[in-house]
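First up is the structure itself, then whatever we jot down about it.
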Amino acid sequence: HSGAGSICIKANAQSCGECIQVSETCGWCADENFLSVGESKSARCDDLESLKKRKCPDNKIENPRGSIKVAQNKPVTNRKKDVAEKLKPEQITQIQPQKLTLTLRSGEPQTFDLKFKRAEDYPIDLYYLMDLSFSMEDDLEKVKNLGTDLMREMKEITSDFRIGFGSFVEKTVMPYISTTPARLLNPCTGNQNCTSPFSYKNVLKLTDNGDEFNRLVSQQQISGNLDSPEGGFDAIMQVAVCEEQIGWRNVTRLLVFSTDAGFHFAGDGKLGGIVLPNDGKCHLENNVYTMSHYYDYPSIAHLVQKLSEHNIQTIFAVTEEFQPVYKELKNLIPKSAVGTLSSNSSNVIQLIIDAYNSLSSEVILENGRLPEGVSITYKSICKNGVEGTGENGRKCSNISIGDEVFFKISIESEKCPLHGKSETIKIKPLGFTEEVEIVLNFICDCQCAAQGQPNSEKCHEGNGTFECGSCKCNEGRIGRLCECSKDEVRTEDLDANCRKDNGTDICSNNGDCVCGTCECKKRENPAEIYSGKYCECDNFNCDRSHNKLCGGHGRCECRKCICDANYTGSACDCSLDTSTCLAKNGQICNGRGTCECGSCKCTNPKFQGPTCEICPTCPGVCAEHKDCVQCRAFEAGEKKDTCERDCSYFQLIKVKDRDKLPQPTDQSFPLTHCKERDANDCWFYYTYAIRNDTKEVFVVENLECPAGPDIIPIVAGVVAGIVLIGLALLLIWKLLMIIHDRREFAKFEKEKMNAKWDTGENPIYKSAVTTVVNPKYEGK
């Protein structure tokens, strides 16, 4: 059961209108006969799936949906490049559609698309607000020709450009300026010639005459003050709110704020004894701000609100030293930019053009105050299909002239506003005058409520309005038919109607007795329901099987299981399907048991298993029929004498050899191949099969008997074996002897080589030769 259902049911809605406020997934069944006995009125409110499951007809389910209607959809302006058509600002459209009507149902967001296209040649009003304190003297010189120069440069961007000029110094009270009479006339020291200090002066309202700008700015004189921060915020506030005196048109409004110092803001006025907060109204008399000594400086938030309200985009042109401060300020003021001013303002034209390009290349959507309970989300589809969500969904950057960007905007209402009337909200791109107007209508009741019958007879003597299939009770009445007044609810005689068979339990302890009828309690789980006149029934206290209610094969009605087809039993756990009981031979439980709840109960105790096919103590098929096959085919074996009586239960067919026996592959019925041995150790082969209840036995008619052994080859083999073994042994012995002799001889040879003979002379030996020399011989 989905979570949605539980939200709808838990809400305890007493009417169709209440029901559809709970969540966008809830519906109300307006069928009069939808509720069963004991169900409370709020059971009509449920999620749509459940209502269908609970048999509420489709045409009786109340489920109104929201819608979007576009009331004004002027296409965005497409300029032809070559045609120099001059359009008034009000003829240019940059955002589409312009008006929509949304019908909102609580919890169901409505989404629509907005298209923004940056128009070409869009008119610009630029107001130059300059600090004229003493340090800005050199800057004033440079700005004197700004009018014509800026006109010339801005012609590149727009053909319709106007420029104005204003200046500011400081509040004209101590301690911001010196109030000694001489200093009031000339606040500058030495022989400098300065003009009296002032808070804010509108020198030139917006004009398209650049020379006029140059002329008036040339006449301006520098002034002076004591402290470093200036009273620029007072001036910005006046420029924003005095639309008429400044001459603002409904076009791009730029305010250039040029200074080389910081700023005072709300609270600083206390130094001069000024405690009244700024009232955000226009106080210009003769183009001079007259209330500077009376109202404090505005706060930053107050400025943001007024600048945004008047679609003014601010460009802070400040010196290097004050960049960090004004950058922080820029982060607080939407659609503002900061540029670095050179010390003598020589780069101011380039600064304005750069800032304008950066400001106008970004579009940021902003919506006005939302009615209570209404929320809005943005998704942007910017250049090159880049998507942004959350805070980034409100804006697109890098938009060139002529580019189109899209926003998907979703508006959702959490609840109906108390008065139920329609509301209007506005969405606008910051810094632009155009806006989208959205009228919100709220669906607070069902359509069927319109056809309700007040004080209907169906609602107990007219004590309620009969609408959407049930009674909506008048004030002070309760009950399903508004039959009771709230004052007389708890009386004994009414409680008696809620006791079953005059028992003690009121509504079987599962409900409350509301003026004589039981309203059953609701459970945590919305799928679990108490019902019945005395709440004696429920759909969750039935028998369980495998931890499932009604075994998962039925539904629980009034504590009894109503089983699906093919199931029976108190918990629907008994299947009537016999396919699980079929044995391999196609018989139910192998013919040896009964099929109960999808499993076999075997009648013969020898058999077991899910289909009574396993018999651990039975001989096999072959052993069982061996004797009968033997006696009928070969008239031998143990049953030779009782063959006629015991063995005529099968049909015998003889075949020539084993190949002629039926093979298992060509049979559509179970077939067993057997090989058995008789008393003479001869083998015989047969098959046993049951075909259409006839038992068939195919037998090979020749026995396979083993032949007797052949004596002569055996004896000859044994003798030959003995002789061969003897020879082999002799050969081995001879071989070993030869190896041994050779080793001995080699050893002897080696020793002979090593013998050494002594060569000393024999002492007894005398030589047999005697040598005689002739004395006469003279050797001649």
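The values are calculated or read from the model by the stated rules, or taken from the named source; none is laboratory data. A quick note: this is a predicted structure, and the numbers were derived from the prediction, not measured. Because the Cβ atoms are built from the backbone with ideal geometry, glycine has one as well, and the counts that use them run over all protein chains shown. These accessible areas exclude ligands, DNA and RNA; they are computed on the full protein's heavy atoms, side chains included. Shrake-Rupley method; radii C 1.70, N 1.55, O 1.52, S 1.80 Å.
Below is a table of values for the structure above.
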read-out: Extension reserve of the Asn384-Cys622 stretch, reckoned as 0.36 nm per residue once the Cα distance is removed; value: 77.1 nm
read-out: Net length gained if the chain between Asn762 and Ser228 were fully extended (0.36 nm per residue, minus Cα distance); value: 177.5 nm
read-out: Solvent-accessible surface (1.4 angstrom probe) belonging to Phe634, in square angstrom, nearest 10; value: 50
read-out: Lysines whose Cα lies under 27 Å from that of Lys750, excluding same-chain neighbours fewer than 8 positions away; value: Lys734
read-out: By accessible area with a 1.4 Å probe, ligands and nucleic acids excluded, highest first: order of Arg105, Arg559, Arg152; value: Arg152, Arg559, Arg105
read-out: Computed over the chain: relative contact order in percent, which uses C-alpha pairs under 8 Å that are six or more apart; value: 9
read-out: Summed residue charge, Cβ within 15 Å of Gly637's Cβ, Lys/Arg positive, Asp/Glu negative; value: -4
read-out: Loop sites in the stretch 682-780: chymotrypsin sites (Phe, Trp or Tyr not before Pro), DSSP, at most 10 other Cβ within 10 Å; value: Trp757, Tyr765, Tyr777
read-out: Nearest-10 value in Å² for the accessible area of Glu141, using the 1.4 Å probe; value: 110
read-out: Residues Ser648 and Glu557, FRET efficiency given R0 of 56 Å [Cβ-Cβ distance, rounded to 0.05]; value: 0.40
read-out: Whole-percent carbon and sulfur share, accessible surface of the stretch 610-649, 1.4 Å; value: 48
read-out: Cα centroid separation, the stretch 439-474 to the stretch 625-699 (Å); value: 89
read-out: Folded to 0 to 90 degrees: helix 348-360 orientation relative to the chain principal axis, Cα; value: 50
read-out: Average accessible surface area per residue within the chain, 1.4 Å rolling probe, Å²; value: 55
read-out: Calculated from backbone phi, Karplus (6.51, -1.76, 1.60) coupling profile of the stretch 545-561 in Hz, x at Gly/Pro; value: 9, 6, 6, 10, 4, 6, x, x, 10, x, 10, 9, 10, 6, 6, 10, 7
read-out: Computed FRET value (nearest 0.05) for His546 with Leu582, which takes r as the C-beta separation and R₀ as 25 Å; value: 0.60
read-out: Residue-count net charge about Ile653 - beta-carbon cut-off 13 Å; Lys, Arg +1, Asp, Glu -1; value: +4
read-out: Between the stretch 530-558 and the stretch 210-286, the alpha-carbon center distance in angstrom; value: 81
read-out: Charged-residue dipole, Cβ positions (Lys, Arg, Asp, Glu), the chain about Cα centre, Debye nearest 20; value: 2560
read-out: Listed residue (Cys682, Val700, Cys622) projecting farthest to the positive dipole end of the stretch 621-700, Cβ model; value: Val700
read-out: Principal-axis tilt of helix 711-753 within the chain, Cα atoms, nearest 10 degrees; value: 80
read-out: Apportionment of accessible area to carbon and sulfur, the stretch 250-306, percent (1.4 Å); value: 54
read-out: Linear extension gain, Thr771 paired with Ser375, 0.36 nm per residue minus alpha-carbon span; value: 126.5 nm
read-out: Distance in nm between pseudo-label sites at Asn502 and Ala679 (7 Å out along the Cβ direction from Cα); value: 9.1
read-out: Neighbourhood net charge (13 Å Cβ-Cβ; Lys/Arg +1, Asp/Glu -1) for Leu351; value: -4
read-out: Acute angle (nearest 10 degrees) that the helix 232-241 long axis makes with the longest principal axis of the chain, alpha-carbon atoms; value: 90
read-out: With DNA, RNA and ligands ignored, accessible area of Lys408 (1.4 Å probe; Å², nearest 10); value: 80
read-out: Heavy-atom SASA rank of Met237, Met151, Met753, Met174 (probe 1.4 Å, accessible area, largest first); value: Met753, Met174, Met151, Met237
read-out: Ser336, Ser358, reordered so the largest accessible area comes first (probe 1.4 Å); value: Ser358, Ser336
read-out: Rounded to whole Hz, the Karplus (6.51, -1.76, 1.60) HN-Hα couplings of the stretch 38-53, x for glycine and proline; value: x, 7, 7, 4, 5, 5, 6, 9, 7, 6, 4, 4, 5, 4, 5, 4
read-out: Loop GluC sites (Glu not before Pro), the stretch 495-532 (other Cβ atoms within 10 Å of the site Cβ: 16 or fewer; DSSP); value: Glu524, Glu528
